[in-house]
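To keep things clear, I will list the structure first and then write my remarks on it.
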Amino acid sequence: VNWNTVHSCSSLLTMSNRIWVHPLNEKRTQFGTYHHLHLQYFRMSTQQMEDLLSIIGPDITGMSINYWAPIGPKEKLSVTLRYLASGNSVRTLAFHYRMGESTVAKAIKDTCAAINRRMMNTHLARPTEQEWRNIASKFSTRWNFPNCIGAIDGKHILLFAPPHSGSLYFNYKKTFSVVLLAVVDAEYRFRLVHIGEYGRSSDGGVFAGSAIGQALDAKKLEVPDDQQLPGAEHLGNMPFTIVLHLIEL
């Protein structure tokens, strides 16, 4: 063992501990957004956030180190929810939360992965026939639209074009994106989601290539059988429908 090298490394480590955190970030607890803003910024209630944290918390709990307090799971979740709710840049969130940009980026990536891993199959399961009927009932009572089981629309999620991808992700808005296609119920809750189609794809192409469109064509979505419309029994049984949401996103 070269003890001179060990001593030098020890000295460097001691020095790095003094400058490990940017001066702005040292005051995270005094001035950071997490410690001063409230949950209206996250588009969910306190209880909803606690419920979500109870599910994914163990997956986003960092290891404690002796020279800096780790970012807690609740703080990681709050950063992620603010990012998803507002569309703020990583740089903006890093400044508001008094964190490094790489720390914010990793917190968002890890938290989204945990949500997908822990919740996709259990909390976003495909509706059953009875659930479709319940959704249709709410569309009828709340929106006066009978035999409707959902509203469908897509959104372009911006990204940097992957290497060697050509124009696959280049969309009509002159940006690069992947497409999120979703069906929501009468209370704006996501019931079916498909993510990942190329930004250049047309609306019809996205739907035809999606798991949603293919399952609907194959009659695998458990859509209820046709039924009569209220006050229009003379028309006979009419099919259930999914309406297209036409507001620009």
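Annotations for the structure displayed:
- Residues that are within 23 Å of Gly166 (Cβ to Cβ) and either in contact with a helix residue (DSSP H, G or I) (Cβ under 7 Å, 6 or more places away or on another chain) or in a helix (DSSP H, G or I) (or both) within the stretch 208-223 comprise Ala208, Gly209, listed in sequence order.
- Of the residues screened, Lys76 is one that is out of contact with any Pro (no Cβ under 9 Å at 6 or more places or on another chain), surrounded by 13 or more Cβ atoms within 10 Å (Cβ to Cβ), at pLDDT 90 or above and among the basic types (Lys, Arg).
- Boolean, Pro162 is buried (at least 17 other Cβ atoms within 10 Å of the Cβ), in the same structural domain as Ser210 (by TED's automatic domain parsing), more than 27 Å from Asp59 (Cα to Cα) and of a type outside the set (A, V, I, L, M, F, W, C): no
- Filter pass, Ser54 being at negative phi, modelled with pLDDT under 85 and surrounded by fewer than 17 Cβ atoms within 10 Å (Cβ to Cβ): no
- Every condition in (1) modelled with pLDDT of 90 or more; (2) more than 25 Å from Ser140 (Cβ to Cβ) is met by Leu158 except one, and the failing one is (1).
- Selected residue (only one of Thr33, Thr29 is outside the structural domain of Ile195 (by TED's automatic domain parsing), modelled with pLDDT under 85, surrounded by fewer than 13 Cβ atoms within 10 Å (Cβ to Cβ) and β-branched (Val, Ile, Thr)): Thr29
- Of all residue pairs spaced 6 or more apart or on separate chains, those with beta-carbon atoms under 6 Å, a first member in the stretch 132-148 that is assigned by TED's automatic domain parsing to the domain that holds Pro239 and a second member that is among the aromatic types (Phe, Trp, Tyr) and buried (at least 18 other Cβ atoms within 10 Å of the Cβ) are Phe145/Phe139; Asn147/Phe240; Cys148/Phe139.
The rows are residues; the columns are (1) more than 30 Å from Asn134 (Cβ to Cβ); (2) touching a residue at least 24 places away in the same chain (Cβ under 8 Å); (3) of a type in the set (Val, Ile, Thr).
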{"residue": "Lys173", "(1), (2), (3)": "yes, no, no"}
{"residue": "Asp185", "(1), (2), (3)": "no, yes, no"}
{"residue": "Gly204", "(1), (2), (3)": "no, no, no"}
{"residue": "Phe207", "(1), (2), (3)": "no, yes, no"}
{"residue": "Gly213", "(1), (2), (3)": "no, no, no"}
{"residue": "Val223", "(1), (2), (3)": "no, yes, yes"}
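- Residue check, Val179 over 24 Å from Ile135 (Cα atoms) and touching a helix residue (DSSP H, G or I) at 6+ places or on another chain (Cβ under 9 Å): yes
- Counted residues, the stretch 228-243 - those being out of contact with any helix residue (DSSP H, G or I) (no Cβ under 9 Å at 6 or more places or on another chain) and either on the phi > 0 side of the Ramachandran plot or in contact (Cβ under 8 Å) with a residue 60 or more places away in the chain (or both): 5
- Checking the stated criteria, Ile135 turns out not to satisfy the condition of being of a type outside the set (S, T, N, Q) and more than 30 Å from Gln227 (Cα to Cα).
- His194 meets the conditions (1) over 19 Å from Phe240 (Cβ atoms); (2) modelled with pLDDT of 90 or more; (3) in contact with a Gly (Cβ under 7 Å, 6 or more places away or on another chain) in every case but one. The failed one is (3).
- Pick from the stretch 202-218, criterion surrounded by fewer than 20 Cβ atoms within 10 Å (Cβ to Cβ) and touching a strand residue (DSSP E or B) at 6+ places or on another chain (Cβ under 7 Å), ranking: nearest to Met44 (Cα to Cα): Ala211
The values are calculated or read from the model by the stated rules, or taken from the named source; none is laboratory data. Since this is a predicted model, take the numbers as computed values, not measurements. Virtual Cβ from ideal backbone geometry, glycine too; neighbours counted across all protein chains shown.
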